[in-house]
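Visitor: Could you have a look at this structure, given as structure tokens, before my questions?
The values are calculated or read from the model by the stated rules, or taken from the named source; none is laboratory data. Treat the numbers as computed from the prediction; the structure is a model and nothing was measured. Positions of Cβ are backbone-derived with ideal geometry, glycine not excepted, and every protein chain shown enters the neighbour counts.
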Amino acid sequence: MISTNQFKNGNHIDVEGTVFKILEFQHVKPGKGGAFVRTKLRRASDGAVIDRTFRAGEKFRAVRTEARKMQFLYADGTEAHFMDTGSYEQMAVPEETVADALRWTRPSDEVDVLFIDDRPSDLQLPASVELEVTQADPGLRGDTVSGGGTKPATVETGATVAVPLFVDVGDRIKIQTATGEYMSRV
């Protein structure tokens, strides 16, 4: 069992038979009444994000999770296909459950597939990825107000990122996977 005072971002808990990943939590101690915990949870089955409040000290079943290294093969529109690099066994995961992570994953990239109660459910990505810009409008002089300014750029995985005006097609850029924000040129 896991209590509300043991919550950590990224933990998985079982709430009334449904598995959730803790995205954010905040302990609140009002001046009057009992303490409670405000949380933002992502449902493991379909990726829906909900806000939920629990009483302090409430207990939940801890969910057994395991990450296995696998190679991303391809996504066909309904399922994402992965291969275990040790046994060469292939498996498919519904694409909508891992769609967010697939924005930053190229075919043949090694990823950690997260198994919840022995069922594949999510991808664990590194904090940042390096991808090549495949399409970007030219940044025109005078587009900026005071030296800043951004433009949309498409990277090799097909995702669109807001980048500074000096980034061109062919540049390799570093992207933060949690927020999808441009970090730097590589």
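Visitor: Based on this model, can you work out whether Thr97 counts as surrounded by 15 or more Cβ atoms within 10 Å (Cβ to Cβ) and either of a type in the set (Val, Ile, Thr) or over 18 Å from the mean Cα position of the chain (by Cα) (or both)? Steps first, answer last, please.
Guide: Working: surrounded by 15 or more Cβ atoms within 10 Å (Cβ to Cβ): yes; either of a type in the set (Val, Ile, Thr) or over 18 Å from the mean Cα position of the chain (by Cα) (or both): yes.
Here the answer is yes, as Thr97 does meet what is asked.
Visitor: Please indicate, with yes or no, whether at least one residue in segment 55-63 is at pLDDT below 85 and assigned to a strand (DSSP E or B).
Guide: Checking segment 55-63: at least one residue is at pLDDT below 85 and assigned to a strand (DSSP E or B).
Visitor: Among the residues of segment 164-178, is any without any contact (Cβ under 8 Å) to a residue 40 or more places away in the chain, of a type in the set (A, V, I, L, M), in a strand (DSSP E or B) and in contact with a strand residue (DSSP E or B) (Cβ under 7 Å, 6 or more places away or on another chain)?
Guide: Start the filter on segment 164-178 by keeping residues that are without any contact (Cβ under 8 Å) to a residue 40 or more places away in the chain, which leaves 164-171.
Pick out the ones that are also of a type in the set (A, V, I, L, M) and you get 165, 167, 169.
If we keep only those that are in a strand (DSSP E or B) as well, we get none.
Taking every residue of segment 164-178 in turn, none turns out to be without any contact (Cβ under 8 Å) to a residue 40 or more places away in the chain, of a type in the set (A, V, I, L, M), in a strand (DSSP E or B) and in contact with a strand residue (DSSP E or B) (Cβ under 7 Å, 6 or more places away or on another chain).
Visitor: Go through (1) modelled with pLDDT of 90 or more; (2) surrounded by 13 or more Cβ atoms within 10 Å (Cβ to Cβ) for Gln26 and report which single condition fails.
Guide: Of (1) modelled with pLDDT of 90 or more; (2) surrounded by 13 or more Cβ atoms within 10 Å (Cβ to Cβ), only one is false for Gln26: (2).
Visitor: Would you pick out the residues in segment 1-60 that are of a type in the set (Ser, Thr, Tyr) and in contact with a helix residue (DSSP H, G or I) (Cβ under 9 Å, 6 or more places away or on another chain)?
Guide: Our first condition is that a residue be of a type in the set (Ser, Thr, Tyr); within segment 1-60, this holds for 3-4, 18, 39, 45, 53.
Matches in segment 1-60: Thr39, Ser45.
Visitor: Counting only residues that are surrounded by 11 or more Cβ atoms within 10 Å (Cβ to Cβ), within 21 Å of Leu125 (Cβ to Cβ) and of a type outside the set (Gly, Ala, Ser), which one in segment 29-47 is nearest to the chain's Cα centre (by Cα)? Walk me through how you get there before you give the answer.
Guide: Of the residues in segment 29-47, the ones surrounded by 11 or more Cβ atoms within 10 Å (Cβ to Cβ) are 35-45, 47.
When the remaining residues are screened for being within 21 Å of Leu125 (Cβ to Cβ), the result is 40-45, 47.
Still in the list and also of a type outside the set (Gly, Ala, Ser): 40-43.
Numbers: Lys40: 14, Leu41: 13, Arg42: 11, Arg43: 13 Å.
Per the stated criteria, the residue is Arg42.
Visitor: Residues of segment 76-94 being hydrophobic (A, V, I, L, M, F, W, C) and touching a His at 6+ places or on another chain (Cβ under 7 Å), which ones? So that I can check it myself, show each step before the final result.
Guide: Step one: filter segment 76-94 for residues hydrophobic (A, V, I, L, M, F, W, C), giving 80, 82-83, 91-93.
Selection gives Ala92 alone.
Visitor: Between Arg68, Arg64, which is charged (D, E, K, R), under 19 Å from Ser121 (Cβ atoms) and within 17 Å of the chain's Cα centre (by Cα)? Lay out the reasoning, then the answer.
Guide: Details: Arg64 fails: within 17 Å of the chain's Cα centre (by Cα).
That would be Arg68, the only listed residue that is charged (D, E, K, R), under 19 Å from Ser121 (Cβ atoms) and within 17 Å of the chain's Cα centre (by Cα).
Visitor: For segment 3-23: of the residues being of a type in the set (Val, Ile, Thr) and in a strand (DSSP E or B), which is surrounded by the fewest Cβ atoms within 10 Å (Cβ to Cβ)?
Guide: The initial filter retains those residues of segment 3-23 that are of a type in the set (Val, Ile, Thr), namely 4, 13, 15, 18-19, 22.
Subsequent filtering for residues that are in a strand (DSSP E or B) retains 13, 15, 18-19, 22.
Numbers: Ile13: 22, Val15: 16, Thr18: 12, Val19: 20, Ile22: 19.
Of everything passing the filter in segment 3-23, Thr18 is surrounded by the fewest Cβ atoms within 10 Å (Cβ to Cβ).
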